Ligand code: ADP
């Protein structure tokens, strides 16, 4: 076995490889770009080498720099992970020339599978079933048009060099073919530097099922069952599961045998995935082979109990396959969800920014999280916006689904948009819940997945309770201790104005013997009796609140005026508005303005002694990297500040002496 390996990747996959290597007693070398100096994979590895600036082309894709790092540190092997250089035959060759083991297949196998057209040709000869289509070398437009007509519409035009869902066009009518061909070629030329295309029959309502294969250097090849990756957006995977729902033992054996034939046809060594497109009746066609470890490999690990990276390293070191086909066991059901920094409601646009707060569910035999980000880390435009992979296991699919729902409820991200709520809605759609799977599932369930969501009254009430219960930190909450309440029918009452997406709701809270009576000020009939507790856990508040008869546990994270509410797997972002009515009231006879949260004073904006108009800025407080401006609550005079720039203030601290005009 190797003494030391270099991991030519970043993020969760780099961390995951380092862990396995360490468990095998192998030393680890990380490489990193300037953007990743503080990244977890760098901290986790035994050694780390800076290889260049943030853009991947100058760092993670820079073969010479990576090879130089391997030589300098004495690494005997390089694991490329997925993406970056993992399917680059020139890199695999350069490793061999430098006498460093490339943890992956021989360069010739990468080359054979690198072009979709050439791979199809080869697979056809090896007796693997292909989607009806044309994958010849001649790309004359008139010939391609003829071929499309012969195949019959709809057809799919695919860039031969394509990948990652790019360079594909569905064409439904003969008259649209020429234009689609042109635009597909332009995209292929731009993205892959090669505009060669192939044409396939567009399979209607297809499923994407892939087989994990493994081969050793002695000519043995087996498969580790299938993964169903039908749930996709823009031809990219969102949820993956194993086994594929509805798969029979017979069909599995057929697909497994076809995948092994495909691997053997290119003298494959190591881990690979043979992807099939599958009709609803179960008939399947070869689509392509990925000559590397896949993002979704953990679902296979969950159902087989095997460590695929360990297998890769053993095979790369020249060992035989650890198991024979009949020794590989399938147990239970696993599902993986990819957690992305993206906004599903805005066409899945990647979301760039800093993660201010991150809670992930606890891990155990049923829940696994592959992640490499911490609160404070940035999702940069340079790399993939994946934040983490959440993988669950259950005795059967129903149990795995339940565990997934529970685990997703424990993922709380503040600072950028993430697809958590979307994933939650997705696993709850009737199609996914009943395993009615095909690649059009997300489109088919569009209305359930993207419908405009109204914020439920409970969410407004929970934020109101958070405000009420956290404004007297450490003290028991009693209606008789409210410092700045106003009186309504002789009782202490508070107003809590909140907003979200243009909607404004003011909650009025009247203290009662056991808690608070909360009401929507605009429609006082919407009212609940509320009581409960709030506990602080770091910057998050954990609420345990009863609203009438229903008990709610929720997490609220404050970021400036924003209140991020995580409630039963859904996320709501509300904004706390200043209560002009109350502050004007409180300060009409002069007095101070209080800090809305703990933080630091970073600017004083008004001059003491001057007259000010309502709304004019007085000073700025910074908390959790968010700025919060305190403004004059009414027309009046600023008598003085109680703090200087740089001072720390506690929540509720009186900041200024402000005298409102009569
Ligand atoms: P990439 O290399 O970009 O991932 P693939 O060839 O693996 O491209 O195809 C990606 C996805 O596109 C598949 O998972 C499937 O959803 C869809 N797809 C590919 N070929 C066909 C086809 N012939 N008919 C219908 N859908 C297809």
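FYI, it's all coordinate maths here, none of it is from the lab. A quick note: this is a predicted structure, and the numbers were derived from the prediction, not measured. A quick note on method: Cβ atoms are made from the backbone with ideal geometry, for glycine too, and the neighbour counts reach across all protein chains shown.
Place a point 7 Å from the Cα of residue 24 along the Cα-to-Cβ direction; which residues of segment 316-359 have their backbone N under 20 Å from it?
So the set is 316-325, 328-329.
Find the relative contact order for the chain and round it to a whole percent, using C-alpha pairs within less than 8 Å whose residues are 6+ positions apart. Before the final figure, lay out each step's value.
Numbers: 1425 pairs, mean separation 53.8, N = 662.
Result for the chain is 8 percent.
Given a Förster distance of 41 angstrom, what is the FRET efficiency for residue 281 paired with residue 525, based on the Cβ-Cβ distance and rounded to 0.05?
Numbers: r = 55 Å, r/R0 = 1.35.
For residue 281 and residue 525, the calculated efficiency is 0.15.
Taking only DSSP H segments of four or more residues, each worth -39500 (n - 2.57), what value at 222 nm results for the chain once the sum is divided by all its residues, to the nearest 500 deg cm²/dmol? Intermediate results must be reported in sequence, preceding the final value.
Details: 18 runs with 174 residues, N = 662.
Taken over the chain, the calculation gives -7500 deg cm²/dmol.
Under the classification rounded if a/c is under 1.5, otherwise prolate if a/b is larger than b/c and oblate if not, where does the chain fall, given a ≥ b ≥ c as square roots of the Cα gyration tensor eigenvalues? Could the numbers behind the result be given before it?
Details: a/c = 2.24, a/b = 1.96, b/c = 1.15.
It is prolate, given that a/c is not under 1.5 and a/b is the larger ratio.
Sorted by packing (mean other beta-carbon atoms within 10 Å per residue), highest first, where do 346-359, 416-429, 146-159 land? List each step's numbers first, then the result.
Numbers: 346-359: 15.4, 416-429: 20.9, 146-159: 18.7.
Sorting 346-359, 416-429, 146-159 by mean packing, highest first, produces 416-429, 146-159, 346-359.
Packing-wise, with mean Cβ within 10 Å as the measure, how do 172-180, 333-341 rank, highest first? Before the final figure, lay out each step's value.
Working: 172-180: 13.4, 333-341: 24.2.
Averaged packing, sorted descending, gives the order 333-341, 172-180.
Determine the distance separating the Cα centre of segment 389-414 from the Cα centre of segment 488-547; give it in Å without decimals.
Each part reduced to its Cα centre gives a spacing of 31 Å.
On a 0 to 90 degree scale, rounded to 10, what angle separates helix 63-73 from the longest Cα axis of the chain?
Orientation of helix 63-73: about 80 degrees from the principal axis.
Can you classify segment 116-193 as rounded, prolate or oblate using the Cα gyration tensor, where a ≥ b ≥ c are the square roots of its eigenvalues, rounded means a/c under 1.5, and otherwise it's prolate if a/b beats b/c and oblate if not?
On the way: a/c = 1.78, a/b = 1.17, b/c = 1.53.
Verdict is oblate for segment 116-193.
Would you mind classifying segment 191-312 by shape? Square roots of the alpha carbon gyration tensor eigenvalues, ordered a ≥ b ≥ c; an a/c under 1.5 is rounded, otherwise it is prolate if a/b is larger than b/c and oblate if not. Provide the component values of the computation, followed by the final result.
Values: a/c = 1.43, a/b = 1.18, b/c = 1.21.
Verdict is rounded for segment 191-312.
Quickly rank 187-197, 302-312 as a protection proxy: mean count of other C-beta atoms within 10 Å, highest first.
Values: 187-197: 16.9, 302-312: 19.9.
Highest-to-lowest ranking by the protection proxy: 302-312, 187-197.
Sorting 448, 570 on the 10 Å Cβ count, fewest up front, what's the list? Don't skip to the end; give the middle numbers.
Working: 448 13, 570 18.
Ordered by Cβ neighbours within 10 Å, fewest first: 448, 570.
Relative to the longest principal axis of the C-alpha atoms of the chain, give the angle of the C-alpha long axis of helix 177-192, reported between 0 and 90° and rounded to the nearest 10°.
80 degrees
Residue separation times 0.36 nm, minus the C-alpha to C-alpha distance between residue 324 and residue 573: what's the value?
Values: separation 249, 0.36 × 249 = 89.64 nm, distance 5.23 nm.
This chain segment gains 84.4 nm when fully extended.
Compute the long axis of helix 249-265 from its Cα atoms, compare it with the longest principal axis of the Cα atoms of the chain, and write down the angle in degrees, 0 to 90, nearest 10.
Once rounded, one gets 70 degrees.
If we count other beta carbons within 10 Å of each Cβ, what is the order of 221, 229, fewest first?
Working: 221 21, 229 27.
Fewest-to-most Cβ neighbours within 10 Å comes out as 221, 229.
Please work out the Cα convex hull volume for segment 4-103 and give it in Å³ per residue. Walk me through the numbers on the way to the answer.
On the way: hull volume 7.8 nm³, N = 100.
Output value, Cα hull per residue: 78 Å³.
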